[in-house]
Each structure stands twice: as structure tokens, then as C-alpha cells.
1. Please go through the stretch 434-449 and give me each residue that is of a type outside the set (D, E, K, R) and within 11 Å of ligand 1 (Cβ to nearest atom), ordered by number.
2. Could you tell me whether any residue of the stretch 509-522 is at pLDDT 95 or above, in a strand (DSSP E or B), within 16 Å of ligand 1 (Cβ to nearest atom) and within 29 Å of Thr403 (Cα to Cα)?
3. So the check is Cβ under 6 Å with 6+ separation or different chains; which pairs have a first residue in the stretch 571-596 that's in contact (Cβ under 8 Å) with a residue 12 or more places away in the chain and a second one that's part of a loop (DSSP other than H, G, I, E, B) and more than 16 Å from ligand 1 (Cβ to nearest atom)?
4. Got at least one residue in the stretch 617-635 being within 16 Å of ligand 2 (Cβ to nearest atom), part of a loop (DSSP other than H, G, I, E, B) and within 30 Å of Tyr154 (Cα to Cα)?
5. What is the one condition in (1) more than 13 Å from ligand 1 (Cβ to nearest atom); (2) assigned to a loop (DSSP other than H, G, I, E, B) that Trp389 does not satisfy?
6. Can you confirm whether Glu402 is outside the structural domain of Ser137 (by TED's automatic domain parsing) and modelled with pLDDT under 95?
7. So which residues in the stretch 261-274 are within 29 Å of Glu364 (Cα to Cα) and in contact (Cβ under 8 Å) with a residue 40 or more places away in the chain, if there are any at all?
8. Provide a single number: the residues in the stretch 422-458 that are away from ligand 2 (no atom under 16 Å from the Cβ) and surrounded by fewer than 24 Cβ atoms within 10 Å (Cβ to Cβ).
Amino acid sequence: MPERGRFDLNHSGFGEGLAQNLALLHEFGTRDTSRIRGDGLLGVLDNGIVNAEELFIESPEHRGTVFDPFAQASTTPPCRCKVDLVTSEGYSRAMPSPTDAEIFTRWADTEAPLLPILHAFHDRDGFLREEAIHAISEALRTPIADLYGTVTFYHHFSQHAPGQSAPRVCTGPICKLKGADALLDSMRAEGATPMACSGRCDDPVPVLKGRQTLVACDGQMMPWHSPVPAPNPGGLEECVFASIRQPDRATYDGYRRTGGYLGLEKALATDPAAVRQTVSDSGLAGRGGAGFPTGRKWDAVAEDPREPKTIVCNADEGEPGCFKDRTLMDLDPHAVIEGMAIAAHATGATRGFIYLRYEYPETEQILERALEEARASDLLGSQTGFDLWVRRGGGAYICGEETSLLNSLEGKHPFPRNRPPFPVTHGYEDLPTVVNNVETLASVPPILSNGADWYRHLGTGKHAGTKVISLSGDVRRPGNYEVPLGLPLSELLHEWAGGVPDERVIQAVTMAGLSGGFLAREGLDVTLDEPSIRAQGSFLGAGGIMVLDDSRDMVAVAHSAMEFFAHESCGKCFPCRIGTARLTERLDSGGPSSVESWREEVDDIGSTMKATSACGLGMAAPLITESLARWFPDQVETHVNSTNS
Ligand SMILES: Cc1cc2nc3c(=O)[nH]c(=O)nc-3n(C[C@H](O)[C@H](O)[C@H](O)COP(=O)(O)O)c2cc1C
Ligand code: SF4
């Protein structure tokens, strides 16, 4: 055993010195020693969350030192130490903290290097030091002004302490209803800041700390795992959730035992054009929001002669109220990998990326482990002709938009691109690229295994297949539900999810997360498919539905929604940049003194945004005010009158 300073963690309770020392340990180079709970330390190693009983610091400077976790942090100056955790399962070594040169050697010559390099520095130092940004600019030959512009665009890259060790509290619309503002206030002393919806609307309010997601539970902050989706009450056949409840499904062995990788085997034995035909015949359409037919997208990429081609899995999932992709990746990561490998065979792609939102650190670990297993089983890697890598975003909703995502991967400023040309011909590095959502890709292996007709007939009537709906808010059983397309919304809300608690009634639901605006109680007689919901002036999109009971202030909910869009507008086109800000103001105090002029102004801003915005954010945001004014004229009138009295 190397000589070590010893850091005995058999203490209970929280202490200021202890907290400071743990923050220092973070600086020492653990990926994240995080916190004391009861009589032990919860830490995260590369292989997941562990319960640490003892922790050792290896360091020439501190050889022989006994660290006292209750001592003041200033007595233990920062250094680059290796940190080992001793867990109940034995001894593990956490990552030593890398030097600048080691970071560049590891990443500079890889595909899409900027994001992993930024994260490596951010993880190592807790924030992006000025020297680090200059070193990156030099190493990647990116002009320093461009790099600063890009780095500061992302919400989660800090440039000063406490940086990523400061907690970020989700203040998305549903978390706000669950008391997020009070939780944030209670954590301000620790440097806590708000973050937009972090994709856990079915959980208690989440707090992101370093590379760990915690939730408040019985007065303690606890790690949290994606819950297994509840089975549907009628025992209806599912596609992506069919095997997700099987134990060990997230492991390679468990996945294979439950039918995993049979779709890929079948695909590899089939001509690529026939694979694409099966996907087209199944009726599968994009599950990320736009609903473009998947087979047609793959055809366009396959038919373009230029190479190399790329498969990008869009795992950005930034839409408030959507949390299905996290569940799929956490519980069934091999399904996403298998879907990507099938897409690669079908289109001739040789490389792939999973673009994962920043707010899902545990998911990154799960995906990396699954990728290692797939490579070890010769399903990925140079010998198969296709390999893929995870790239973690920097926290920006607009990076879910596919062209913004591609710019982000390429290390450019993540503005959406003008279209055409589309990514199928001019995607990653201007070459043919498939961009598909997680759920779309996870649907592909069962389609290949069971056939196009099987998938098509999972839907109701003329609607092909299934859709995962993320249901949250004022409903008894929030969570992800895989529904046959065409299922009546009321059946999902009342029979599957138990209806509204506390003897209240539904006042409204949001659609497409927030992007589809509101449907009021009077508009709920719809089925879960695009034509039915579009007939009510909204859309299903990625399938996030938030339920709001009759106690909720709809203007306040609309204000928080528009504030989100204003915050996330990338600013490229001024009608969206200014329009979202003006609409937020109209939902706050001040503004026109009569309801008529309020409506006129709001309609005018909204129609300008819809007509002139370059991407879906600016086109969809006005649905919030439009649907508010349509369904809740009384609440709008009260709002206008009260802000002018
Ligand atoms: C503002 C905005 C945000 C988006 N966010 C996401 C997202 O988080 N995940 C996603 O899959 N698609 C998102 N999309 C849709 C993508 O641009 C793209 O249509 C999708 O990834 C294509 O995959 P699919 O055909 O499998 O749905 C977003 C679009 C817009 C306009
Ligand atoms: S519509 Fe808004 S988010 Fe989209 S490109 Fe324009 S400014 Fe950016």
C-alpha cells in the first residue's frame, strides 16, 4: 500500500470543517467525494455511487499526515493527490487528477474534442480557470474570443469558485409547484443557484452537486435513481418498455438474456436497404418532437455518397416536463446502443455520438459502462466498422435542436444553423448525418426483431406504434407511460395515472412539455396522437404532459414557462430574443391597461415570432400566451386589472 494521509470518515452528522474538507477533497482530484451521510461517506467513482467507509489521500506533500475532517479547511492546503475510497465492497481507486498535458493527450485527437476537454478541466478544478481557457484555445487552435463566447453560452460551465461544487436546484415548472423556491432559499448559504427543469419531474426536487443528483428525503440529501416505469393497467403490449422492468436489463448479460442484440444480429444478416424498408414500413416517426419518418431520414443519409457518415443520438432532453429519455438510458442503455448500431448498418455510418444533457451525470456513467461492455463483446469498435462515444453537453436547452447540437459537437458556438441544407446531407462536419432521439433509436431493435407489422399494430386505428409520455404535476401516479398512439388522454390521466389527488379537478395540462402550451379541461377530449392534439391548437411533440389542478394560478405558470424560453433563447434572431422577453414582461406586472390592448400586443408579438423565428423555440413559445388567452380569459383579465390597479 502506498503511504497515505489517512482521512477517517467514521463520523456522524455535518460539520463546517468537514464540509470544507470535502470540498477540498474535490479539488484534490476525486471525481467527487461529495458528502457525509450518517456514519459514512457517499462518493461517486467511475463505476457508480458507493458507500465509503474510509478514504485515503495519497500525496507526497501530505505523506504521513492524518487529516482531520473536522479541522478547518485552511489547515490542509490543496494539492494534486490521488484519493482512494474504501467501500463496504472493498478498496477502489478514484481517478487521479490529470495534468493539462494529460487532458490534451487524452482528448485532443479524438472526435468532437472540445466538450470533453472543457469537462475535464471543469471537473478537475471545479470551474474553468482563465489559464485553462487559454490553454484550450491554443491546443485546439480556436480563437480565444470565439472560445469565450462558446464557453459562456453554456449555463453549467463556471469560471470561478465554488463552481461545480455549488448546488444547483431545479426550479422547473413542476419543481416550483413542489417547493423548489423554498429549497433553493434554504441552500443559498452553500452557494446554491437555480437551474432550469432538470428532467426529473416525477421525483422530489433534484439538486445537482458536482457529478451527483441528490434529492431531499427525510431531511437528508440522498442520491436518486430513475424509477422503473409502472406497467400499464390493461396489460397492453409495449415496445421500448417491454423488457425494461427485467432485473439486470442495464447490463450486457441481462440485456442478452432478455432478447437484447437479436435485432442487430438480424439487421447485420440483412441488406441495409431492406433494414431501412422495415423501419419505413413500421411507421416509426421521430420521438424527439418533430415526428419526421425515421426510415425516410435513414434513406437520405444512405443515398448520399459522401463519407464518413455519422449517427447522433439526441439525448439532450431539455424540454421541461420530459424525462423519458433518461429512464430509457438509465434502465436500458444497450437498447439505445443497439438502435444506433442498426442505424449505422442501415446507412453506412462508421461513427456515432450520444449527445447527453449535462444534468444527467449518472446516466453518463451508465452509458459508458454499457459501451465498454458492447466493445468487449465485439459489437462496437474498429473491428465492427462502427464506434460511438458519449459527449456531455454544457447545459443549454437550444442544444437539443439538432443543428445547434451539431455545432456544439463540432466545438462551435451552438446557434441553430439555417436550413436547408438539412443534417441528412450536411450534418456533423458537413457530412451526411442521422440525428435521432433516444426513444426513436430504442424502438428500432424490437422493430427489427418482431417486424414492421408488429410495431404498426401496437398503435390504435391508423396510428402506428407507441409513444412514451412523461406525466407529472398534479396527478396521483406521475411517471413514464408507454401508450399506444391514439389512446384517449383521459384514459391515461384517470385510469393509468390515478387522476388528480386531494379531491381536486384538472384545470389544464401542458403539451409537448411546455412547447405545446396549455389544453384546458374543456379541451381534454383528445387522443394521444398529433392530428387530434393539433386540432386543438397544440401538439404532442416529445410527449411531456404536466397536469395542473384547479388551485393553480395559470398566469403564474405561464410566466414561469415564458421566463424559461426567454432564458433559453439563443439570441440569434431578434424577434425570438426580444419577443420572449416582452411576453415574459406581459405575464408579470405592468403593461397595457386594458385586456383588449394586452391581447393585441401579445398576439402581435406572438405572430411576429412565429413568422420570423429561425427555429422551433421561437415558433413554439407564443403558444403559451396564445393558449392562456384562449382557455383562461378570466385569469388574464384579473392579471391585467391587478397589475394596473
Ligand atoms: C428548441 C428545440 C429543442 C429540441 N430539443 C430536443 C431534445 O432535447 N431531444 C430531441 O430528441 N429532440 C429535440 N428537438 C428536436 C430535434 O431538433 C430533432 O428534430 C430530433 O432530435 C430528431 O430526432 P427524431 O427524428 O428521432 O425525433 C428539439 C427541437 C427544438 C426546436
Ligand atoms: S428562434 Fe430563438 S432560439 Fe431559435 S435560433 Fe432564433 S433566437 Fe435562437
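1. Matches in the stretch 434-449: Val434, Val435, Asn436, Asn437, Val438, Thr440, Leu441, Ala442, Ser443, Val444.
2. Scanning the stretch 509-522, I find at least one residue that is at pLDDT 95 or above, in a strand (DSSP E or B), within 16 Å of ligand 1 (Cβ to nearest atom) and within 29 Å of Thr403 (Cα to Cα), so the answer is yes.
3. Note: pairs meeting the criteria are Ser593/Asn644.
4. Within the stretch 617-635 (the criterion being within 16 Å of ligand 2 (Cβ to nearest atom), part of a loop (DSSP other than H, G, I, E, B) and within 30 Å of Tyr154 (Cα to Cα)), the answer is yes, since at least one residue qualifies.
5. Among (1) more than 13 Å from ligand 1 (Cβ to nearest atom); (2) assigned to a loop (DSSP other than H, G, I, E, B), Trp389 violates only (2).
6. no
7. Selection gives Tyr261, Leu262, Gly263, Leu264, Lys266, Ala267, Leu268.
8. Summing the residues that are away from ligand 2 (no atom under 16 Å from the Cβ) and surrounded by fewer than 24 Cβ atoms within 10 Å (Cβ to Cβ) in the stretch 422-458 gives 14.
The values are calculated or read from the model by the stated rules, or taken from the named source; none is laboratory data. Keep in mind it's a predicted model, so treat the numbers as computed, not measured. Note: ideal-geometry Cβ built from the backbone for every residue, glycine included; neighbour counts use all protein chains shown.
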